[in-house]
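In what follows, a single structure is set out as C-alpha cells and then discussed.
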Amino acid sequence: MTITRRRLMTLAATVSFGVALAGAGLPQSAAHAAEDTVKIGLILPITGPFASTGAEELAGVRQYMADHGDTSAGKKIELIVKDDTGSPNETKRIAQELVTSGGADVLMGFGLTPLAFATAPIATQAKVPMVVTAAATSSITEKSPYIVRTSFATPQGAYVIGEWAAKNGINSVVTLVSDYAPGIEEQDWFIKAFEKGGGKVVEKLTVPLKNPDFAPFLQRVADNKPEAVFVFVPAGVGAQFMKQFRERGLDQSGIRLIGTGDIVDDQILNDIGDVALGIVTARDYTAAHDSEMNRKFVKDFEAANDGMRPNFMAVGGYDGMALVYHALEKTGGDTDGDRLIEAMKGMSWESPRGPISIDPETRDIVQNIYINKVERKDGQLYSVTMDTVKDVKDPAKAGK
Ligand code: PHB
C-alpha cells in the first residue's frame, strides 16, 4: 500500500497526540519528519542549454534561506533539488515522483514554459502548490488552481516596451522572437501596444528555440531597414544573439535594438560587451535597481556565487521562497495545499525588485516594470532604470 502525503500528515498528527503508531507500518522518525519538515521540490534546468536559468534560480532560493534561515512557522524547510535538463517529460516525471514517494509539500521552479505546462496537471491531482519562479507565458497560471507565479508574465514587459517605443519616436519595427509560447506572446503583446500608439510592424520573424542560427533572420532585419528591431530570446541566449548581431554589422546599421530584459539579462551583460550599450528594455528586475535591499542582495549574491550577478531569474527564485515562508507563517505551519494557496492569494511584500504582490484573482504577480537602458557604470555594464511603470498586472488578464 502506498502511503499518501495526507495519510502521512494524519499519522504525524496522531503521534503528536501521544497515540502509539504500532501497526501503522511507519517508523516513528518518518512520521515526526513529516510533521516538522516542509519539503520543497525545486525542479530546474541545472544542465543543458538553459542551465544559466537553473544556476540563477537555485542561487536565488539559497540566498533567501541564507538571509532568513531554514525554518518558517517552526517548521524546518527542506529543499529537494532536481535537474530536469530542460525536458518537459523529465519535469513531469520528477514532479510526480516528488509528490508521491518524495513527500513534497510544495513544487517550485520551472525554468521554461513547456516545463510548467507539463507539470500543471500533477499539481492539480496532488493538490500541491506549484510556485512558478521562472516560466512566463501568461496562461500558465490558468493551467491549475494550485499555480502561483513569482517571476513575471511575458505581456508585462512586452506591452510596456511597445508603449514606450511608440511614444519615443520609433515608427517602424521588425520583431524577432524565439518560436515557442512566450516568444509568440512577447511578439503579439509588443505589437498590440506599439500599433495602438501608432507604430507599424513591417515583418514578424520567428527563430527556432533549439540551436538557433540568427544569421538569416538578421539579414532579413537588415534588408527591411526598420527604425528598430524588437527581440526576445530566453534568458542566457542573448549573448549568442548579440555576437551574431555584431558580426553581421547590425550594430553599425542605425537600427535600434529594443526588447524585454531577457536579451540583456544581468548574468551575461558584461560578456556581451559594449555592443549592448544603449539597448532599451522593459523588465521587472535589474541588478542596478536602486534600493538598499537590492544593493545588499546583489552584494551577498555575488559573494556567495563566485561573482555571478543576479538576474531576473534569481529574484524569481528568491521571492518564490519568500512566498512559501510567508504563507507558512499565515497557516501556522499547516502544509495543506488548499490552505497554502489561500494564504498566498493577495500577499504583498518587499522584494529586491521593489514592491510585489500576488493578485488574489489570478494568482499571478503584480509588480513594477522598469524601462532600462544599458550603460557603463563603475566599469561594468548595467541596465539602468530610466522610467518606472508602477503595479503592472499581466495585461492579458487585465483586459488590455
Ligand atoms: C519561458 O519559457 O517562459 C521563458 C524562459 C526564459 C525567459 C522568459 C520566458 O527569459
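What to note about this one:
- Residue match in the stretch 144-154 (condition: within 14 Å of the ligand (Cβ to nearest atom), assigned to a strand (DSSP E or B), within 30 Å of PHE245 (Cα to Cα) and out of contact with any Lys or Arg (no Cβ under 6 Å at 6 or more places or on another chain)): no
- Applying the condition of being surrounded by fewer than 18 Cβ atoms within 10 Å (Cβ to Cβ) and within 30 Å of the chain's Cα centre (by Cα) to the stretch 221-250 and asking which residue is nearest to PRO49 (Cα to Cα) yields GLN240.
- Within the set VAL315, VAL324, the sole residue that is over 21 Å from VAL384 (Cα atoms) and β-branched (Val, Ile, Thr) turns out to be VAL324.
- Entry remark, the stretch 196-232: residues being out of contact with any Asp or Glu (no Cβ under 6 Å at 6 or more places or on another chain), closer than 18 Å to ILE279 by Cβ and within 13 Å of the ligand (Cβ to nearest atom) number 1 in total.
- Total residues in the stretch 237-288 satisfying the condition of being assigned to a helix (DSSP H, G or I) and closer than 22 Å to PRO155 by Cβ: the figure is 6.
- Only a single item in (1) of a type outside the set (Asp, Glu); (2) surrounded by fewer than 20 Cβ atoms within 10 Å (Cβ to Cβ); (3) more than 20 Å from PHE301 (Cα to Cα); (4) within 16 Å of the ligand (Cβ to nearest atom) is not met by ARG93, and it is number (4).
- For the stretch 289-308, the set of residues classified as part of a loop (DSSP other than H, G, I, E, B) and farther than 22 Å from ASP387 by Cα consists of ASN305, ASP306, GLY307, MET308, listed by residue number.
- Test: GLY346 is part of a loop (DSSP other than H, G, I, E, B), over 15 Å from GLN267 (Cα atoms) and small (Gly, Ala, Ser): yes
- Residues that are among the aliphatic types (A, V, I, L, M), modelled with pLDDT of 95 or more and farther than 30 Å from THR175 by Cα are absent from the stretch 376-394 altogether.
- Unique residue being crowded, with 21+ Cβ neighbours inside 10 Å, more than 16 Å from the ligand (Cβ to nearest atom) and under 25 Å from VAL202 (Cα atoms) when the list is ALA165, ALA123, ALA158: ALA165
- Restricting GLY109, GLY103 to those that are buried (at least 24 other Cβ atoms within 10 Å of the Cβ) and at positive phi reduces the list to GLY109.
- Selection count, the stretch 170-194, where residues are more than 16 Å from the ligand (Cβ to nearest atom) and of a type in the set (Ser, Thr, Tyr): 1
- Qualifying residue in the stretch 262-269 (condition: closer than 27 Å to ASN171 by Cβ, touching a residue at least 24 places away in the same chain (Cβ under 8 Å), within 16 Å of the ligand (Cβ to nearest atom) and β-branched (Val, Ile, Thr)): yes
- When GLU185, GLU195 are screened for being surrounded by fewer than 24 Cβ atoms within 10 Å (Cβ to Cβ), closer than 24 Å to PRO88 by Cα and acidic (Asp, Glu), only GLU185 passes.
- Any hit, the stretch 317-333, residues being in contact with a Phe, Trp or Tyr (Cβ under 6 Å, 6 or more places away or on another chain) and not small (Gly, Ala, Ser): yes
- Test: ILE356 is in contact (Cβ under 8 Å) with a residue 40 or more places away in the chain, in a strand (DSSP E or B), under 17 Å from ASP262 (Cβ atoms) and not basic (Lys, Arg): no
The values are calculated or read from the model by the stated rules, or taken from the named source; none is laboratory data. What you are looking at is a predicted structure, and each value in this text was computed from that prediction instead of being measured. Every residue, glycine as well, gets a Cβ built from its backbone with ideal geometry; the counts of neighbours run over all protein chains shown.
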